[in-house]
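Asks: Below is a structure I'd like to ask you about.
The values are calculated or read from the model by the stated rules, or taken from the named source; none is laboratory data. These figures come from a predicted structure and were not determined experimentally. Counting neighbours? That spans all protein chains shown, and the Cβs are built from the backbone with ideal geometry, glycine included.
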Amino acid sequence: MKQVDLKKQNKILTIVLVCILSVTIVVSATLFGVFYFDYGVDPEIPTEAKAHNFILLIGDGMGYNHIKTAELYNNGSMTNIRKLSVNGEVTTRSLSAGATDSAAAATAMATGVKTYNGRISYLNGKSIPTIAEQAKSAGKKVGIVATKAITDATPAAFLAHSKSRNNTAEIAAQLASSDVDVLFGLNNAEMTALKSTIQSDNRDFCVGFEEINASASDKIVGLIDDEIPNIGRNTLASLTDLALEKLENENGFFLMVEGSKIDSYSHTNEIQNMIDELNAFDAAVSRAVAWARKNGNTTVMVVADHETGKLKVPADATADQISNEWFHSSSHTTQNVHYFAYGVGVDSIPALIDNTDVYDIIKQILLG
Ligand SMILES: [Zn+2]
């Protein structure tokens, strides 16, 4: 009689335990789901780590297969980009239908806000504050480096606000009146017209590598008339070195470096030129990481704004088979791109982020 009661009690106890366990699992899963999906909207990077300096490198149009193609061409040796310790994927959609353009994508990364294609850190009649402006307000230095016109969408979105990426004169005027410390990129008539505004007692306006390399000023707008070569002395990597040299200071800095023409040659399906641009960008990444290793207290993040050209690498392809035919589009695509990161706080970056999260990550790690 007593034995039966005990068995019954055990059975009830088991049922109760199973119920408690089930509820715990459901609640945990729900909480995990809520927090996990929250990352895509507004990630709280679970780190107290703070970096003094943040270097963001953007490969325009650089999908994962662009990197794989360059590695295949480089006899299988891994790019510096992929050697960074942490990596994951990035969603890139803008508020416009279809694929994002560089203006909306750069706005997302510079401000944490999604906008429509063509807008420069601007939405519904309002300017949106950028991470570069906020870094400036916090007493840090700011540098922007690009391999196409400095008024183009990606560099512009960090310092200017406009309803259209095509408002070159308006963007140039805002770059000139910004308190940016280092600005390197291609020249145009709109920037040249602002020479007297830009040149001041403490800021140099230089045109050409000779003037840029000769300048002793830590505050400099240095523009190139023709193009920035991919090899030799005056490359994106050397401009990155020079920018870092000028930006280093006790309050820290934010530097954005863009490999702008990876996108251009993906639009035109010129794979060899794309590889050359990617390798030049990869060399700039290597300088940024070397600087961070040497100086410490720095975070380096490499991202792309979107994929261009629907590039596919055939299975078992060899370097001598690399072909323009590997591109399957002349436009931007909606594919996720990848991020790669090194330095302070990067272990806490989720494996899947949205492009707006790039802003949150920089803000949390650099500005707290
Ligand atoms: Zn493009």
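Asks: Quick one: in segment 44-96, of everything that is in contact with a Gly (Cβ under 7 Å, 6 or more places away or on another chain) and modelled with pLDDT under 95, which residue is nearest to the ligand (Cβ to nearest atom)?
Replies: 45
Asks: Can you name every residue in segment 69-121 that is in contact (Cβ under 8 Å) with a residue 40 or more places away in the chain, among the small types (Gly, Ala, Ser) and in contact with a Lys or Arg (Cβ under 7 Å, 6 or more places away or on another chain)?
Replies: Those that are in contact (Cβ under 8 Å) with a residue 40 or more places away in the chain, among the small types (Gly, Ala, Ser) and in contact with a Lys or Arg (Cβ under 7 Å, 6 or more places away or on another chain): 103, 108, 118.
Asks: To continue, here is another question. Return the total of residues in segment 218-255 being within 17 Å of residue 294 (Cβ to Cβ) and either acidic (Asp, Glu) or not in a helix (DSSP H, G or I) (or both).
Replies: Residues that pass the stated criteria total 8.
Asks: Also, quick follow-up: Do you know which residues across segment 255-283 are more than 15 Å from residue 228 (Cα to Cα), within 13 Å of the ligand (Cβ to nearest atom) and surrounded by 24 or more Cβ atoms within 10 Å (Cβ to Cβ)?
Replies: 263, 266
Asks: Just wondering, is there one or more residues in segment 287-302 that are within 16 Å of the ligand (Cβ to nearest atom) and closer than 16 Å to residue 61 by Cβ?
Replies: So far as segment 287-302 goes, no, none of its residues is within 16 Å of the ligand (Cβ to nearest atom) and closer than 16 Å to residue 61 by Cβ.
Asks: Moving on to the next point. Looking only at segment 45-92, which residues are part of a helix (DSSP H, G or I), among the hydrophobic types (A, V, I, L, M, F, W, C) and touching a strand residue (DSSP E or B) at 6+ places or on another chain (Cβ under 7 Å)?
Replies: Once the filter is applied, which keeps residues that are part of a helix (DSSP H, G or I), among the hydrophobic types (A, V, I, L, M, F, W, C) and touching a strand residue (DSSP E or B) at 6+ places or on another chain (Cβ under 7 Å), segment 45-92 yields only 81.
Asks: If residue 286 passes every condition in (1) under 16 Å from the mean Cα position of the chain (by Cα); (2) part of a helix (DSSP H, G or I); (3) buried (at least 19 other Cβ atoms within 10 Å of the Cβ); (4) of a type in the set (Ser, Thr, Tyr) but one, which one does it miss?
Replies: Of everything listed in (1) under 16 Å from the mean Cα position of the chain (by Cα); (2) part of a helix (DSSP H, G or I); (3) buried (at least 19 other Cβ atoms within 10 Å of the Cβ); (4) of a type in the set (Ser, Thr, Tyr), residue 286 misses just condition (3).
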